[in-house]
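To start, the structure under review is shown below, and the notes come after it.
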Amino acid sequence: MVLESNDRDLVEGCRRGDPDAFRQLFETHKGRVYSIALRYSGDATIAMDIAQDTFLKLLSSIHDYRGEANFETWLYRVVVNRCLDHHRRGRRLLPMVNDLLDLIWTTGETVLHTLLRTEFEESIQQVIQTLSPQQRMVVVLRYTEGLSYEEIAAILGCSTGTVGSRLSRAHRVLERRLSHLRRGGIGG
């Protein structure tokens with residue numbers, strides 16, 4: 001997907017220093033940037049910091065965008081880098097959990113189900129925290145953003161095989177470390 005003419009105009013406006021163009025670009029993409037940051041970090045405050053860092057980086061590096069790739073792919077790469085930078089700074093990042101839990105439970109939870117859900121959520125958070133930042137990012141981009149292997153590869157600057165490999169390793173870790181929950185009957 002190439003830039004629509006409006007997006008192209010906004011990028012050009014940002015390059016010229018037009019604050020209205022940046023504001024419009026921000027309004028258009030803030031939801032997706034925040035969503036990725038939140039799913040990666042699991043914490044609204046950290047996600048806001050990452051989103052802010054992303055847009056500051058976008059503003060300072062908009063001249064580096066050459067238009068050869070999809071603008072959203074380029075922007076995703078910036079937010080992924082900000083997430084990974086945040087992790088490297090040693091801050092505690094929590095995983096996304098709600099989508100995994102929605103696959104397991106049906107509506108109409110009892111109090112017991114709510115308690116079990118909380119226990120299960122904590123277990124999932126602990127396991128996802130053990131994933132490497134690259135595996136965690138692939139999980140976020142694939143399952144919360146719904147991106148294809150090709151789109152993820154373009155964002156992360158790797159091959160689709162690498163995306164598949166990271167995702168496969170993440171699945172094995174999650175399955176192995178969460179198998180006790182299945183045997184214990186949680187969620188049933």
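Observations
- Neighbours by Cβ (under 8 Å, 6+ apart or cross-chain): first from segment 21-33, over 13 Å from T54 (Cα atoms); second among the β-branched types (V, I, T) and assigned to a helix (DSSP H, G or I): A21/V11
- Tallying residues that are assigned to a helix (DSSP H, G or I), hydrophobic (A, V, I, L, M, F, W, C) and more than 15 Å from the chain's Cα centre (by Cα) within segment 129-181 yields 4.
- Taken together, A47, A51 contain a single residue that is assigned to a helix (DSSP H, G or I) and in contact (Cβ under 8 Å) with a residue 24 or more places away in the chain, which is A51.
- Selection of first residues in segment 151-164 that are in the same structural domain as P133 (by TED's automatic domain parsing) and of second residues that are exposed (fewer than 15 other Cβ atoms within 10 Å of the Cβ) and acidic (D, E), restricted to Cβ pairs under 7 Å at least 6 apart or on distinct chains, gives the following pairs, ordered by first then second residue: T160/E150.
The values are calculated or read from the model by the stated rules, or taken from the named source; none is laboratory data. Everything numeric in this text was worked out from a predicted model, so none of it was measured. Cβ sites come from the backbone with ideal geometry, for glycine too, and all protein chains shown count toward neighbours.
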